[in-house]
Structures are given as C-alpha cells and as structure tokens.
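S.K.: Attaching a single structure in structure tokens format; questions to follow.
Values quoted throughout were computed directly from the atomic coordinates according to the rules given, and no laboratory measurement underlies them. Keep in mind the model is a prediction, meaning the values are calculated, not measured. Backbone-built Cβ (ideal geometry, glycine too); neighbour counts: all protein chains shown.
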Amino acid sequence: MPLQVKRVYLLPYRDDGIRILVDRLWPRGVTKEGAAIDHWFRECAPSNELRKWFAHDRAKWEEFKQRYFAELRDKEELLAPIRALSKKHVTLLFGASDDECNNAVALMEYLGKKKPNIRRKKRSSPDATLRRTRQKRVRH
C-alpha cells in the first residue's frame, strides 16, 4: 500500500495522490480547497473520549495506540474505502503538531505499514536547495 502521512497545514503536492483527512475535528484555518482535501473520514478518527484522554501526551502513546486499535477493530467497514483507495497513492492528513505521535501515524500502522513516510517540511525550489547546499559547504 503506497501510504504516507502529512500534516494538513503543509502545502499539497501532486505526488501526494489522494489526500484524506483522518481527524475527527476540522483543522483550524483550513479550507477544503486550500488544503486540497479529497476525502474526510472523521469516523476513522479516535473517539472524542480517547482523543481528549490522549491529549497528545507522548507518555500515553503506546496505550493510545492499543485503545485506538481496539476502536478500529470495531470499525473495519469504515476502513474499507481507505484500503480500496490505497491501491493508488494516498496521503493521510492530520492536524496535530506532533509528526510522530498522532492518529494518522497510528492508523497507518494499523493498516499494516509499520514505518510511516512522514512529510515534515514544505518543499522548496531547486534554487533554494542549491543555496542551502552551498551554505553547508562554506561552513565546513
């Protein structure tokens, strides 16, 4: 399954493929058009109770995943569209500021991909990349 996760606030790119928001709440300040969101599967997100309990506390991450996976086992029929779409290239979008401990990463793990490909930074132009490379060479 060609799946990746990406923060919804990062710029959309063509190679993101089908972009699916998997948060229960709509991200603040984001429009569907501006974020190029193709689908919103809020039912696949953790319950409100679990989301509030977790509160993005990394110390609760492993237990959060266990509880979330238990919820997902009861929602297998809701995951069918994601599984079907993932035959193409799919990006699971999340709004949390933590790139490594969020429901999209957990969902991707549940779907069978252990190490998610996380898009962390905006892409820059080739010229900007070249400038950074030159700066690194000058500093060393």
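S.K.: For the pair Tyr9 and Glu100, how long in nm is the line joining their label points, each one 7 Å along Cα→Cβ?
M.R.: About 1.9 nm separates the two model spin labels.
S.K.: Would you mind checking the pairs Lys60/Lys88; Lys60/Lys87; Lys32/Lys60; Lys65/Lys88; Lys65/Lys87 and listing those with alpha carbons more than 29 angstrom apart? Can you show the working numbers first?
M.R.: Numbers: Lys60/Lys88 33 Å; Lys60/Lys87 32 Å; Lys32/Lys60 31 Å; Lys65/Lys88 26 Å; Lys65/Lys87 24 Å.
Lys60/Lys88; Lys60/Lys87; Lys32/Lys60, as the Cα separations exceed 29 Å there.
S.K.: Let me ask another. If the chain between His56 and His89 were fully stretched, how many nm would it gain, using 0.36 nm times the residue separation less the Cα-Cα distance?
M.R.: 9.1 nm
S.K.: For the stretch 50-119, max minus min Cα coordinate along each principal axis, in Å, sorted largest first?
M.R.: 34, 29, 19
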